[in-house]
Structure formats: C-alpha cells, structure tokens
Amino acid sequence: MIQIIVASLIWALVLCLLPGIRWRADQSVLVAGVTIATALTLNIDPVYIAGDALLGRRNVLDLLANILMVVGIYFLSRAILRAADPGELPARQDRFGLAALGLVIVGLTACFANVAAPYSSTSFMKDFGDQGSAAVYSGVQFGYIGVVVSITGYTCFRFLGHMSKPYFRVAFALIGVGCSLAVVLVLAVLGMDILHLQGDLEGMAALSLVYDIALVGAMAFLCAGLALPPMARMLSRMRESKMEATFIPRLAVVWEKTTDPRPEVRLLSSAQIADRRESVRWRLHRMLVEIQDALLIDPELLRLLDGQDHQVLNLVERYLAAPPSGKENRRGPHTVGRGEHAL
C-alpha cells in the first residue's frame, strides 16, 4: 500500500509538470519524476511479480528499479541545485556527479550478483537481508541517496532567503523538509540493514515504522515543493490572460485614433487584430508599436488623445515591459529560482 501511495504522488507530480514541457528549458525534474515514479511503480507487488517473472524470477527487477531510483535522484538533485544556486553547472558538465552515479550503478550490480536470491520476492531485503552482500547492496543505494539529498536539502535552506518570489521560498522550504525526511528514511534503512545482520527482528520492526512514515512524508513534501512553482506559474498566466483581454478594447480606442489618420503604419486591420489567433500579449504589442509609429511620424496626433488615452498607453507599456510568467531571466544570486533552470 505504501508503494502505491508514493508512486501515485510522483505520478501526480509528473502530471503537474507536463503542461509546461514546451516552454521549460530544463526538463530534469520531469525526467527525474518519470524515472522515480517508474522505479516505485515496479516495486508495487503485482507489478513486481509480473515483471520479474518475465526476467526469470531472479529479482533482476529489484536491481533495475534501484538503478532507476538512483538515476532519478541524481537528475532531481541536479535540477533543484541549479534552480537554487546560480553557481551550479549544467548536468552535462557535472563530471564528478556522473562518475559517482556510474560507480554506484556498478556497485549495485556487483553486490546484487553476489546475493543468493533464488526466488522472486516482493520483500527483497526482508527475505535476503541477512546476507552481507545484500546489506552492502542496500547500503550502496541508500548511502548514495543520503549524501545526495543531504546536499540538496542544505542548498535549499541555504538559498531560501534569496528566492525571487514568495512561492519559490515556500517551494524550496517544502523541498528542504522533504530532503530532511529522506535523510531520516536513509538512516532507518541503514539501521534496519545492520539490525538484520544481527538478527534483531524487533528493532527492525520499529525502524520499519519510521521508514514508512519518512517515505510518505518525504515524497509528499518533495512533490508539493516541486509542483508548486509550475502550478503557480500556470495560475499567473491565467490571471495575465484575463488582464490582457481587458486591455485589448481599451487600447483599441487609442489605436484607432492614432492609426486611422496614418493607415500606412498598420500591418493589420482592426478586424484582423481582433480575430488573430496569436496571444493577446502579441496583439497588445502589435497595436502599441503601431501607435508609437504613428505618433513618431505625426506628433500632431497627440492632440487627439485625452488623459484617459495616455493612462491606457502608460498602463500597457508598463505591463508589456514586465516579462510574462515563467519566462523571467536570472541575473544573480538575488533572483535565483526563476531562470532557465527554474523548477
């Protein structure tokens, strides 16, 4: 049941990220979400039994799921670090991180090859965790995850005060809490591995409860933090669209006053302006440019404009001067969390 819950949380995050796939420059969070969600889905008992049966019933699917998990954690961490810290390098330049990830995958594969697991098990560590190689197998995976989420959580809290927007501050606080719970989860797993080798089943049961709570909590906070920025941007774009729609008829009055006497500046007729399928923001920009061209050619047209017309012009100019939601540029440490690497 726990696996279904956490897999559902990650898949819900993926659904939240999909609408922004066309304008988001960095797809690392989406890649990480799909990878981690797939890993968790493979650990759902019916899925695992069916999938492992296709692979020979030797728990190879457990190895594949764990490899997907560490790969997903890597991409998730890199995306968060780049969004939080403008000094972080793109993933393609992260040679050390990629090398570490490669070593972890090799280590997982080598350890798994030494575990005696003769039958398919939905509780791999519970059934085979009394073997030293199985304990190392688990330790390699969760040790790596622990280091990565510790660095990620620390970075989130470190740059929390530098976030450009309130919802980014909330998002990175949630991610930081999620990373902290993930560290608790890792410690619980490592503790269970040691207790299993010692044969302390009661201690394992107690830590198992901590593991379940930490797992659900970590995924819930991480998903909430990662979903907040794209959802907030979507709501901002919806508000902008409504605001832009109210500007069109008001600016159209000024546009007709200034371009009727100077039709040569028009690229589109008034009917075409209203019917064009481009964004409302584009239409506002087009009309404003033509108004300015007309006034530049014939400054006497200013006499046709009253105080309300000038107010509309100033309002639209200020509005268009601000970047649209989701397309802000990052220029320094005090504008982190909103550039091309934004979540």
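The calculated pair-distance distribution of segment 137-235 uses every alpha carbon pair, bins of 10 angstrom beginning at 0, and gives 17, 39, 26, 13, 5, 0 percent. In the context of the full set of protein chains, the chain has a per residue accessible area of 49 Å² (1.4 Å probe). Taking a ≥ b ≥ c as the square roots of the Cα gyration tensor eigenvalues, segment 1-104 comes out oblate, since a/c reaches at least 1.5 and a/b does not exceed b/c. Measuring nothing but protein heavy atoms, the accessible surface of the chain at 1.4 Å probe radius is 64 percent carbon and sulfur.
Taken about its Cα centre, the chain carries a charge dipole of roughly 700 debye when the Cβ of each Lys and Arg holds +1 and the Cβ of each Asp and Glu holds -1.
In the chain, the sites counted are trypsin sites (Lys or Arg not before Pro) in DSSP loop states with at most 16 other Cβ atoms within 10 Å, and the longest stretch holding none of them, exclusive of the sites, is 59-275.
For segment 244-249, backbone phi angles converted through the Karplus equation (6.51, -1.76, 1.60; θ = phi - 60°) give residue-by-residue couplings of 4, 4, 6, 6, 4, x Hz, Gly and Pro being listed as x.
Each Lys and Arg adds +1 at its Cβ and each Asp and Glu adds -1 at its Cβ; summed about the Cα centre, segment 92-195 shows a dipole of about 580 debye.
Taking every DSSP helix (H) stretch of at least 4 residues in the chain, weighting each as -39,500 (n - 2.57) and dividing the sum by the residue count yields a mean residue ellipticity at 222 nm of -25000 deg cm²/dmol.
Counting lysine pairs in the chain that sit 8 or more residues apart in sequence, or on different chains, and whose Cα atoms lie under 29 Å apart gives 4.
The values are calculated or read from the model by the stated rules, or taken from the named source; none is laboratory data. The shown structure was predicted, so the numbers you read here are calculated from the model rather than taken from an experiment. All Cβ positions, glycine included, derive from the backbone under ideal geometry; neighbour counts span all protein chains shown. Only protein heavy atoms, including side chains, enter the accessible area calculation; ligands, DNA and RNA are left aside. Shrake-Rupley method; radii C 1.70, N 1.55, O 1.52, S 1.80 Å.
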